[in-house]
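Note sheet for the following structure.
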Amino acid sequence: MESQRWLPLEANPDFLKQLGLLPTWQFGDVYGLDPDLLSMVPRPVCSVLLLFPVTEKYESYRLGEEEKIKSLGQEVRSEVYFMKQTISNACGTIGLIHAVANNQDRLEFGPGSALKKFLSESRSLSPEKKAKFLEEDESIRVTHESSAQEGQTEAPSIDEKVDLHFIAFVNVGGKLYELDGRKPFPIAHGTTTEDTFLENAAEVCKKFIARDPDELRFTVVALSKV
């Protein structure tokens, strides 16, 4: 059976609102990763999303990273909410789910929130079963499609191959995690704090950029308290 395919999603700020998240925290652009530009980002920040090009260099690095972690192991806290991506072009939605799911103690949801319901019902599932649960969640799919069509640029065809990918960075229990549904597990990037989280996530983003110095298609957004 062919996997589902959704329209590619831009970083549309209305998407979370449509899913029932109250606007006490909002995504905003990060205009650069040097200290002066990071200082302009409202604090506190509870999650960072990175949009980057999936290139041959990146894929080579990803496979090597995966093998290294499988060989050496890593410590991942049990409370990290992580899901696999099985739907083509759903990385934007999955990045947002990762950002919100790992900050539910801070974020506020309106009554009848489709996202809150999804998170509550999927919390105890495996990463693979969370992915299947999303495939079957009609309310999130419809909201994704609507938001993708309302983006600032014309939405690509649903069959068009998109080589840009969203991932999320979160702080869970004082550890910085990279959450990417294309990977088999979260990636632990060391310790962090609420005060240093943005800077620590920015350092990891810099490594993505350094691996592809000829690429310009990188975007960083931060989920900040308004």
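The values are calculated or read from the model by the stated rules, or taken from the named source; none is laboratory data. This structure is a prediction, so every number in the text was calculated from the model and none was measured. Heads up, the Cβs are rebuilt from the backbone with ideal geometry, glycines too, and the neighbour counts pull from every protein chain shown. These area figures cover heavy atoms from the full protein model, side chains too; ligands, DNA and RNA do not enter into them. Shrake-Rupley method; radii C 1.70, N 1.55, O 1.52, S 1.80 Å.
Some notes on this structure:
- In summary, LEU96 fulfils each of the numbered conditions (1) modelled with pLDDT of 95 or more; (2) surrounded by 19 or more Cβ atoms within 10 Å (Cβ to Cβ); (3) hydrophobic (A, V, I, L, M, F, W, C) with the single exception of condition (1).
- Residue match in the range 172-188 (condition: open to solvent by 40 Å² or more (accessible area, probe 1.4 Å), within 24 Å of TRP25 (Cβ to Cβ), modelled with pLDDT of 95 or more and in contact with a helix residue (DSSP H, G or I) (Cβ under 8 Å, 6 or more places away or on another chain)): no
- Taken together, the residues in the range 64-97 that are at positive phi and more than 13 Å from the chain's Cα centre (by Cα) amount to 1.
- Count of the range 207-219 residues, restricted to those that are of a type outside the set (Ser, Thr, Tyr) and surrounded by 13 or more Cβ atoms within 10 Å (Cβ to Cβ), is 6.
- Residue ID - farthest from the chain's Cα centre (by Cα), chosen from residues in the range 99-110 that are without any contact (Cβ under 8 Å) to a residue 60 or more places away in the chain and either exposed (fewer than 14 other Cβ atoms within 10 Å of the Cβ) or in a loop (DSSP other than H, G, I, E, B) (or both): ASP105
- In the set (1) at pLDDT below 95; (2) out of contact with any Ser or Thr (no Cβ under 7 Å at 6 or more places or on another chain), the condition left unmet by GLU135 is number (2).
- Identity of the residue in the range 31-84, of a type in the set (S, T, N, Q) and assigned to a loop (DSSP other than H, G, I, E, B), that ends up surrounded by the most Cβ atoms within 10 Å (Cβ to Cβ): THR55
- The residue of the range 111-146 that is farthest from LEU21 (Cα to Cα), among those that are small (Gly, Ala, Ser) and in a helix (DSSP H, G or I), is ALA131.
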